[in-house]
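S.K.: Submitted below is the structure of interest, expressed as structure tokens.
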Amino acid sequence: MAAHNRGLASDIQERIKRLIVDQRLPSGAPLPTETELMELLGVSRNSVREALKGLQAMNIVEIRHGFGTYVGPMSMGPMIEGLIFRTVAGHYRGEDSLLQLLELREAVETGLIARLAGRIPQADLAELDALVERMEAEAAEGAVRADTDRAFHAALHRGLDNLLLSEMLEAFWDAFHRVRTDLVDLHTDPKVTCRQHREILEAVRTGDVVRAEAAVRDHFGNIRERLRSPHQE
């Protein structure tokens with residue numbers, strides 16, 4: 001019976017997702033009421049509610065109690081949580097799961113940097129300049145803030161002009177940062193962090209693909225060494 005109920009809920013979820021697609025509903029758009037969904041899909045109220053709960057867990061719908069159900073943000077949130085849990089669980093089983101997550105980021109970012117070199121709009125370059133200057137000011141006070149680092153990578157990848165890629169790269173950053181904060185202290189040198197980000201920026205500004213790829217590899221290589229020797233000063 002339980003398997004039948006799961007199958008029914010999954011089927012209803014697929015039909016609600018198809019409704020969103022067919023009606024071209026954007027994030028934030030209201031969905032039919034529970035009663036309307038019951039009539040439209042020919043199922044019970046409990047079945048509709050279970051299906052909606054599952055879709056809410058995937059950020060596909062958003063249930064606002066007292067107001068109704070809306071199309072959700074369709075964010076990378078569930079993927080981030082899955083990556084984090086998998087990485088933490090692997091770490092406590094003795095696996096190099098955090099290093100694997102870093103290498104995933106490195107592979108994607110190194111592969112994409114050639115598309116950015118020489119093609120970043122002037123406004124984004126100015127923002128990146130300001131962020132590196134902020135990093136340098138923070139480094140002088142002892143440490144580069146995580147949100148400054150995140151903002152740099154977000155501004156850099158905005159130049160890809162691909163929202164899905166940009167969101168996925170930010171998801172990888174979020175997952176790595178949250179896990180490494182919980183599991184290890186990397187003891188990173190803020191001056192090295194600044195220098196490496198400045199090198200990435202100058203390489204993409206000048207359109208030097210080889211230099212840009214080397215700069216990204218150097219950045220990740222430094223983090224990798226710190227992961228392998230987390231107590232190194």
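The values are calculated or read from the model by the stated rules, or taken from the named source; none is laboratory data. Predicted model, so just to flag it, every value in this text is computed and none were measured. Heads up, the Cβs are rebuilt from the backbone with ideal geometry, glycines too, and the neighbour counts pull from every protein chain shown. Heads up: the accessible areas ignore ligands, DNA and RNA and are worked out on the full protein's heavy atoms, side chains in. Shrake-Rupley method; radii C 1.70, N 1.55, O 1.52, S 1.80 Å.
S.K.: For segment 22-39, give me each residue that is closer than 15 Å to Gly68 by Cβ and outside any loop (DSSP other than H, G, I, E, B).
M.R.: Pro30, Glu34, Thr35, Glu36, Leu37, Met38 - these are the residues of segment 22-39 that are closer than 15 Å to Gly68 by Cβ and outside any loop (DSSP other than H, G, I, E, B).
S.K.: Determine whether Leu227 is open to solvent by less than 40 Å² (accessible area, probe 1.4 Å) and either under 21 Å from Leu116 (Cα atoms) or part of a helix (DSSP H, G or I) (or both).
M.R.: It is true that Leu227 is open to solvent by less than 40 Å² (accessible area, probe 1.4 Å) and either under 21 Å from Leu116 (Cα atoms) or part of a helix (DSSP H, G or I) (or both).
S.K.: Determine if segment 135-157 includes at least one residue that is touching a Ser or Thr at 6+ places or on another chain (Cβ under 6 Å), of a type outside the set (S, T, N, Q) and under 17 Å from Gly207 (Cα atoms).
M.R.: yes
S.K.: Here's something else I'd like to know. Considering segment 111-135 alone, what residues qualify as being in a loop (DSSP other than H, G, I, E, B) and surrounded by 16 or more Cβ atoms within 10 Å (Cβ to Cβ)?
M.R.: Ala117, Ile120 - these are the residues of segment 111-135 that are in a loop (DSSP other than H, G, I, E, B) and surrounded by 16 or more Cβ atoms within 10 Å (Cβ to Cβ).
S.K.: Let me ask another. Please pick out the residue among Ser97, Ser47 that is hydroxyl-bearing (Ser, Thr, Tyr), farther than 17 Å from Asp174 by Cα and either crowded, with 16+ Cβ neighbours inside 10 Å or in contact with a Gly (Cβ under 9 Å, 6 or more places away or on another chain) (or both).
M.R.: That would be Ser47, the only listed residue that is hydroxyl-bearing (Ser, Thr, Tyr), farther than 17 Å from Asp174 by Cα and either crowded, with 16+ Cβ neighbours inside 10 Å or in contact with a Gly (Cβ under 9 Å, 6 or more places away or on another chain) (or both).
S.K.: Please find, among Thr148, Thr206, the residue that is among the polar types (S, T, N, Q) and within 15 Å of Leu116 (Cβ to Cβ).
M.R.: Every option except Thr206 fails the conditions.
S.K.: Here's another thing I want to ask about it. Taking the criterion of being hydrophobic (A, V, I, L, M, F, W, C) and open to solvent by 50 Å² or more (accessible area, probe 1.4 Å), would at least one residue in segment 171-183 satisfy it?
M.R.: No, the conditions are met nowhere in segment 171-183.
S.K.: Answer yes or no: is there a residue in segment 55-67 that is in a helix (DSSP H, G or I), open to solvent by less than 40 Å² (accessible area, probe 1.4 Å), in contact with a strand residue (DSSP E or B) (Cβ under 9 Å, 6 or more places away or on another chain) and within 30 Å of Pro30 (Cα to Cα).
M.R.: Yes: segment 55-67 contains one or more residues that are in a helix (DSSP H, G or I), open to solvent by less than 40 Å² (accessible area, probe 1.4 Å), in contact with a strand residue (DSSP E or B) (Cβ under 9 Å, 6 or more places away or on another chain) and within 30 Å of Pro30 (Cα to Cα).
S.K.: Right, another one. Out of curiosity, is Val184 hydrophobic (A, V, I, L, M, F, W, C) and either over 24 Å from Glu141 (Cα atoms) or touching a Phe, Trp or Tyr at 6+ places or on another chain (Cβ under 8 Å) (or both)?
M.R.: Criteria not met by Val184.
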